[in-house]
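Report on the following structure.
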Amino acid sequence: MKIVPLHPLSDIDVSEQDREPTAAELSAIAYETPLIEAEVELLDVRIALMDRTPTQLDRGRLRKAVHNVLAERVALANRLAPGEAA
């Protein structure tokens, strides 16, 4: 029995799957990494608090994680994007 994909891949899709990221793509990822890491930390805190009543320490950890995400968003907005002129 042969499994047929629902949407056959075009030639462009096949070539896109096998290529490495460009320097510009890697630069864009590095540019956003601090925000991504802050968001992951916030998600970790929220997941940890899903099945229990938060303690004072938990509330502080959550506030700190939210603060870090907001601070990284501001920093990202104020930084020049890769390839952007001053």
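What FRET efficiency, computed as 1/(1 + (r/R0)^6) with R0 = 25 Å and r the Cβ-Cβ distance, is obtained for residue 27 and residue 77, rounded to the nearest 0.05?
Computed FRET efficiency for residue 27 and residue 77: 0.90.
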For residue 53, the accessible surface traced by a 1.4 Å probe with all protein chains present amounts, in square angstrom to the nearest 10, to 110
Two pseudo-spin positions, 7 Å from Cα along C-beta at residue 63 and at residue 37, lie apart in nanometres by 2.4
Expected vector for the stretch 38-54, Karplus 3J(HN,Hα) from phi with 6.51, -1.76, 1.60 and θ = phi - 60°, integer Hz, x for Gly and Pro, equals 5, 5, 5, 4, 4, 4, 4, 5, 5, 5, 4, 8, 5, 10, 8, 7, x
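The values are calculated or read from the model by the stated rules, or taken from the named source; none is laboratory data. Worth saying up front: this structure is predicted, and the values here are computed from it rather than measured. Note: ideal-geometry Cβ built from the backbone for every residue, glycine included; neighbour counts use all protein chains shown. For accessibility, only protein heavy atoms count, side chains too; no ligands or nucleic acids. Shrake-Rupley method; radii C 1.70, N 1.55, O 1.52, S 1.80 Å.
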